[in-house]
Every structure is written in C-alpha cells, then in structure tokens.
Amino acid sequence: MSASPAPEPVPIPSAYAGRWVALVKGQVVAQGQTREAAFLAARAVRPKEPLDVVYMPETLPIFHSPLMLLLRQSLPADQPIFLVGGAVRDAVLAREVHDLDFAVPKNALKLARKLADKLSAAFYPLDEENDTARLVIIHPDGSRDVLDFAGFRGESLEDDLRGRDFTINAVALDLHNGELHDPLGGLADLRAKRLRACAETSLSDDPVRILRAIRQAAAFGLTIDPATRQQMKAAASGLPSVSAERLRDEILKILAGPQPDTALRALDMLNILPHILPELEAMKGVNQSPPHVQDVWSHTLSVLRHLEAILDLLGPQYNEQKSNADVYNGLLVLKLGRYRAQLAEHLSRKLNTDRPLRALLFLSALYHDVEKPSTRTVEESGRIRFFGHDDKGAQTALRRAIALRLSNDEMDRVKTIITHHMRVHAQTDHQRKGHTISRRAIYRFFRDTGPAGVDIILHSLADLRATYEHTLPQEIWAAELDVCRALLEAYWETPEQVVRPPQLLNGDDLIKELGMTPGREIGQLLEAIRENQAEGHISSREEALAFARGWLQGHPKGVKK
C-alpha cells in the first residue's frame, strides 16, 4: 500500500473530498474514511492490481486566505502546525473566522513569539506551564484576528483531537498541505447536524462543556446525541465546582446567541439550571392573572423569544418577509424601523471588552420577574398581584451578577433594566387614556435610566408581546409603540432639548446670585430647573434665575438669613 499523489491528469471528483480513495491507473475503485478502509475495500474488488491510496483534502477557502498564506511563508517548512477546533468547524460551514487556534507538537510559546514579529502582531503568553500563547493582529480597518498557539495535549495530533469536547471541534487542518485530520468523524457529525462528545469522560472531565453543548447545539442547529445527553445529566453536579468566570462566559454566550429561549428550555429539561442559576426554579408553575396567558417561567422564556425576534426585525437589514408576517411586526417596523442604525450602534457597544451588551439585555429579561413568586398576593376579587417584584428582582439579579463576576458597569446595567422594566407599560396605560407622554416624563425616564433606557424600551416590547401572546389587542400594541417612539425620538433626535438639557446654573451660581446655603435644596432646585428646561419653559440663564427666585419663595429654608 502506497500513499503517492494522485496520477495526473486524471481529476478526482470533489465528492471524495475529505476521504481516502484507492486508485487503479488513476481511476477511483474504492473509498473510505481511513486509509486502511479504502485499501481493504479496493482489495475486495481488485485483489491483485497495483493500488495508489491517497487522501483527498477538502478545499477550504480559509486554507487559501491571505492570513494562512502569510503564516505558511513565515513558518519553517519542517514545522508541523495545524488549525484546530472551532475555526475549522466554522470554515467548513463557510462562516467568518477571526479567532483561530493552532496546535503544534511542542514549543508553542517560542513559535508564537517568533511569528509575532513577522506578522506585526501583539504577543501574549497565556500559560507558560501549558505552553500556550496568543497573537493579536489589528488591521487598518480596526478589525482584529486572534491567534492562539498551544502544544499538543498528548503525544500526537490524534491524542490532542480525541481529548477535545465534541467531535465537530476535533478536526484539524494541516497548514502546509490542506489535509484534514478527522479521527472521530466530526465532519460527518456536522453534516448530520449531530453533536457528539469525543469520549465517555469528555463532560465529566470538564463540566462547563455541558453549557458549551447547549450553546453550540443552538448556534448550529444541532441535535445532541442521546449518549451525550446522558453524559450531560450525569456531569451536571460538577458545575458548581467550575470557576465563576467560566460559567459566566458560557451563560452569557448562550444568552447572546441564537434561540436563547430554546437553550434555556434544554437546560431546564436536563435539570442543569439549579446548578448554575438556582433562583429561576421558583418561577415554574406560578400563575398570573389576565392579561397574562402563561405562568411566570413560561412567560419569561417567551420574553426571550420575542426579544430575539424584535432585535431581528429592527436589525440593520430590513427583512420585508418577516416585517409582513403579521400586523404586530408591521406596526413595529413602521413606527421604530427608522432607528435601525442607532439601535445597532447601541447594541454594539460593550461595557466589557469580551462581553456584548446584547447578553446583558437577555440576562435582564431572564431575571426581570424572578421575584414574582416571593411577592405574589391574591386579592379578595381573585386578582393576583406582585407588588415590588421589580425592585426586589433587581437585587436578586444583582446578587447573581456578583456571583458571576460581572463588572460594576454590567451589574449597574442589569439592575437598572430590571428596576425600571415596568415604566414603559405605565406610560402606555396613560397613553390609552388619552394622555400623550410629556416631555417631563421623558426627561425623568432617561434621568433615571440613562443609556439603559433604550434596553428597557426593547425589553418592554418583548414583555408586552409575551404577556398577551396571540390575544394582544392591536390598540394596546400601537399605544406602546407610540410611547417607545416618543422616547427614542427624544433620546436620539432632540437630546439637548428633552433628555440632557444644558446646565444653565450650578450650585455656586445659586449661592452667589440668590444667597442660598449649601444643602440638598440646591440639588432640588437645579433638578427643577432642568425639568422645566426639558418641558421648554426655560431656555436661558436669565429665565433660570427668575424661576429659581420664584421657587425659593416656596422653599425659604435654602436662603441665608
């Protein structure tokens, strides 16, 4: 059995890409997933003829990319190096790849340090003990590629691949010749949309892979193999021993990814939620009065589903088919579609370099009603109420955010969204009674919420859809949209007039001009001036002073005697 290149000029059909083929005089007589399988299959039909057994590499565009070409030019010809893991998977799926993992037999740190100069990349030694380093290449347009280099986890490339989490990630691309190494049939699993663990101990060895399984199944539309599901259930008790940072990253990736409601349902069905987000369990089976059509837990999952749909409808690209799917979508796009660009910019901002704002919005939605069970009361009429669930829920979410090691800015954002998540609904009730939202109300809304006000608006729309589902009256939806449009219009089109009026006076001015003494009255008066600016009653320093003198007539405590 030999392994020579395919004879020329006979072409090999692309159907054999990624497989071993046996050739007799340049013609394919058998194929197999391994060299041995192809050889044995050929011998069964051509027992005596000379054979050539060759591997037909899949032609992945990434192999021919400028970055891969530059890497090959920068590497010694005898340096084994393989693109591994998710980057290969994404390349097979024709997805854009900017995070690339490379495996080498040894001395990954040394190799990465040498490549840093040739690639004009920043070098970061990640883990000297485990021979891991990172290069970051920042391009002129601001985009960046992250290249991680690591020594083999085991004695060989195959050992390294077999020690990974799932077969779809246990594939390697030889950077020198484009050959794909797939010892566990990961590409076949990818084609079959199947997620399968690499080994019986893959999940118990690292329980955070349970969350990764849910995330990747949702992201790629995969069905989790039954044996792998059983492994996930068995390994779930190990999740509390995983570091908070690793849990946080996987949970937020699930929430920021596609179908977060489906992912949460899967976590619930596998009884994993109590190990990572135990507060959510109490929401199950907690009934609510009309107009709610679901219990608290089902409603929460519906909010996630509607929130994803709303963000999609108001995304950068207009989708006529989805917009015309029903009257609710049509009204949403008609009234708020003008703010696509601003919403995209808002959601693209990060309070932490590694975590998107979208994840915090969905985390807030997941916890917005978390304290309804503890605040539930039933009136004599039978009506169910949840007084104070917003404030109490914000504190519970804050404790979970602290446990997940979120940054202070991220914790503040989650707390603000949940604390104020009922305010848009309250304004909608006024709107339906014929009271258009006032400039003072708009000013106060954004004074209390800041940039989180935009997130609250998006959450409120999803919350309303989930509350009524198919029973939502069109006039209530239209009223809520009118309130949201007025808020967003002020925030993005007239911020200096309504949202953030310029400061006409400060505390020193009030002390000097009006003889006030330092104290809380100064802050109250300055706030009263700004509210009147927002309403359009004050537009100059002179008008502000005149208002202040009148205000002090009813608040003499703040004036020097």
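A few comments on the model shown:
- The distance from the alpha carbon centre of region 196-212 to that of region 19-79 is 31 Å, rounded to a whole number.
- Restricted to Cα atoms, region 403-561 shows a radius of gyration and a Dmax of 19.1, 64 angstrom.
- Only helices enter this figure: runs of n ≥ 4 DSSP H residues, each worth -39500 (n - 2.57), summed and divided by the residues of the chain, yield -15000 deg cm²/dmol at 222 nm to the nearest 500.
- Percentage of interatomic Cα-Cα distances in region 61-192 larger than 22 Å: 32 percent
- Taking the fewest neighbouring Cβ atoms within 10 Å as the starting point, the ordered list for K350, K25 is K25, K350.
- Ranked M56, M269, criterion: other C-beta atoms within 10 Å, fewest first: M269, M56
- Projected-area average for region 198-276 over all orientations - Cα convex hull basis, square nanometres: 4.6 nm²
- q = 0.07, 0.18 Å⁻¹, region 278-498: log10 I(q)/I(0) [Debye, one scatterer per Cα]: -0.21, -1.48
- Summary of the geometry: region 242-284 and region 415-441, compared by the centres of their Cα atoms, lie 31 Å apart.
- Ranked from largest, the principal axis spans of the Cα set of region 427-492 equal 34, 25, 17 Å.
- Inverse mean reciprocal Cα-Cα distance (Kirkwood Rh) of region 378-494, Å: 15.5 Å
- Kirkwood-type radius of region 242-325, with distances r between different C-alpha atoms, in Å: 14.7 Å
- Inter-part distance where region 310-373 and region 117-134 are each reduced to a Cα centre, Å: 37 Å
- Considering all C-alpha pairs of region 507-558, those separated by over 16 Å amount to 32%.
- The value given for region 128-170 is a Kirkwood hydrodynamic radius of 12.4 Å, derived from the mean inverse Cα-Cα separation.
- Relative to the globular-protein estimate of 2.2 N^0.38 Å, the Cα radius of gyration of region 14-56 stands at 0.99.
- Fraction of alpha-carbon pairs over 15 Å apart in region 468-561 - percent: 65 percent
- Range of Cα positions in region 218-361 per principal axis (Å), largest first: 49, 41, 29
- For the peptides 195-208, 90-103, 233-246, the ranking by packing is 195-208, 90-103, 233-246, with the highest mean count of neighbouring Cβ atoms within 10 Å listed first.
- When semi-axes √(5λ) of the Cα gyration tensor in Å is computed from the coordinates, the matching label among (1) 52, 24, 23; (2) 57, 28, 22; (3) 52, 33, 17 is (2).
Values in this text are rule-based calculations from the coordinates and carry no lab data. Here the structure is a predicted model, which is why all the values come from computation and not from measurement. Here the Cβ is made from the backbone with ideal geometry for all residues, glycine too, and neighbour counts use every protein chain on show.
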